[in-house]
1. Does the range 132-169 hold any residues that are of a type in the set (F, W, Y) and not in a loop (DSSP other than H, G, I, E, B), and which are they?
2. Which one of E267, E224, E204 is more than 23 Å from the chain's Cα centre (by Cα) and closer than 19 Å to T302 by Cα?
3. For G220, are the conditions met, namely being in contact with a Ser or Thr (Cβ under 6 Å, 6 or more places away or on another chain) and surrounded by fewer than 24 Cβ atoms within 10 Å (Cβ to Cβ)?
4. For the range 182-205, check the following and say yes or no: at least one residue is touching a residue at least 40 places away in the same chain (Cβ under 8 Å), of a type outside the set (A, V, I, L, M), closer than 30 Å to Q91 by Cα and not assigned by TED's automatic domain parsing to the domain that holds L42.
5. Picking from P92, P82, which residue would you name as being of a type outside the set (V, I, T), within 23 Å of F168 (Cβ to Cβ) and outside any helix (DSSP H, G or I)?
6. Say we look at the range 247-273 and pick out the residues that are within 15 Å of I284 (Cβ to Cβ) and aliphatic (A, V, I, L, M); which of these is surrounded by the most Cβ atoms within 10 Å (Cβ to Cβ)?
7. Could you figure out which of (1) in contact (Cβ under 8 Å) with a residue 40 or more places away in the chain; (2) assigned to a loop (DSSP other than H, G, I, E, B); (3) of a type outside the set (V, I, T); (4) within 30 Å of L43 (Cβ to Cβ) isn't true of E117?
Amino acid sequence: MRRKLLLLLETGLVLAGLLLGASAWKIHSALEQPLNITQEELLDVPKGSTPTRTFLGLEADGVIKDAFWLRVYWRFNLAGTPIHSGEYRMQPGMTVNGLIDLWKRGDVVQYSLTLVEGWNFHQVRAALAKDEKIEQTLNGLSDSDVMAKIGHKGLFPEGRFFPDTYRFVRGVTDTELLKKAFDRLDEVLAKEWEKRSADVPYTEPYQALIMASLVEKETGVPQERGQIAGVFVRRMALGMQLQTDPTVIYGLGDRYNGKLTRAHLKEATPYNTYMIPGLPPTPIAMVGREAIHAALNPVDGTSLYFVARGDGSHVFSDDLDAHNNAVREYQLKRRADYRSSPAPTTAPETAPAAEEAIPAASPDTAPESLPQPPAQEPAPTPEPEASAPQNTQ
């Protein structure tokens, strides 16, 4: 009897060993099998997917075999290891083991979205809305509702997001990307605020952000940012109005058709810096780090005026007579290839006729880059400041 029990035990152990060996071989074969594809394909792993569901889906699509053994392998070797959502690039010749390595590393396909310096919030929302790889959660919401959804209820959105290239995986929400851009702006602004010049005329970082947006919209040549900021700061110190065209254009919103007239300069809006003293109530565009740095570290000097040459650069003047001479030279006698920003590699734009030009302290702005304040949400009215004498151009 004892001999029979030992024989049965030995037989059982042999069978168990054979079974384990066969299982190990099946698992090894399943892992080393090449994916059944002939060209690169993307595997979409939605949020909440499990390895079991993913293996079964691949088997149903004919990409792999033996999903059962792969599930066994995962259960005993990778239990508790999450499979990151996103898209995975499957290449011809890749084995299942190679695909699993991608899953373990979370090596998902990444896309990018670039938010551009000088864009307004409408342009930011449009860029998010047209990207099919981004999950849309903000459609139909007002700007104030959008700000509430990203956790900043009551804040005016203009200028609150940092222009940069943001990388993301398919399925990220527009809300998540906006939060990232908002936080990035806060981070950059805080760091630059700590490095500000001692004599800048701002009591809080938001005022510097407003000034940076003016610098951003006025600058065609990057190295002039500090000079332009210097002009604005000196004008404020002397009680002069800033008289910068991009603020007037922003205040006109959808009514601006590409031509700025003298009537526009006399129209009372919260953003018309030909009419109001000091800064406008909010930024008028997104700003990069360089514009923020310039606003917080303006270049010393004596110039109080500038006018666009037509190649993206400006002529800076210390007094009104010199400025008017520059206006006559570069604004009233515009050449056909006049530009307020550097010329592109393609054919130059055709400028408006000379009689339509307006002598101003700032260049015209190209219609396609104009900021459009939300029609349904009027911009806040600026707080009253001490009035300053009008600086007639």
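1. First, pick out the residues of the range 132-169 that are of a type in the set (F, W, Y): 156, 161-162, 166, 168.
Passing the criteria: Y166, F168.
2. E224
3. Numbers: in contact with a Ser or Thr (Cβ under 6 Å, 6 or more places away or on another chain): yes; surrounded by fewer than 24 Cβ atoms within 10 Å (Cβ to Cβ): yes.
It is true that G220 is in contact with a Ser or Thr (Cβ under 6 Å, 6 or more places away or on another chain) and surrounded by fewer than 24 Cβ atoms within 10 Å (Cβ to Cβ).
4. No - not one qualifying residue is present in the range 182-205.
5. Numbers: P92 fails: within 23 Å of F168 (Cβ to Cβ).
The unique qualifying residue is P82.
6. V248
7. For E117, the failing item is (4).
The values are calculated or read from the model by the stated rules, or taken from the named source; none is laboratory data. Every value quoted in this text rests on a predicted model; they were computed, and no experiment measured them. Quick reminder, even Gly has a Cβ in these numbers, built from the backbone with ideal geometry, and neighbours come from all protein chains shown.
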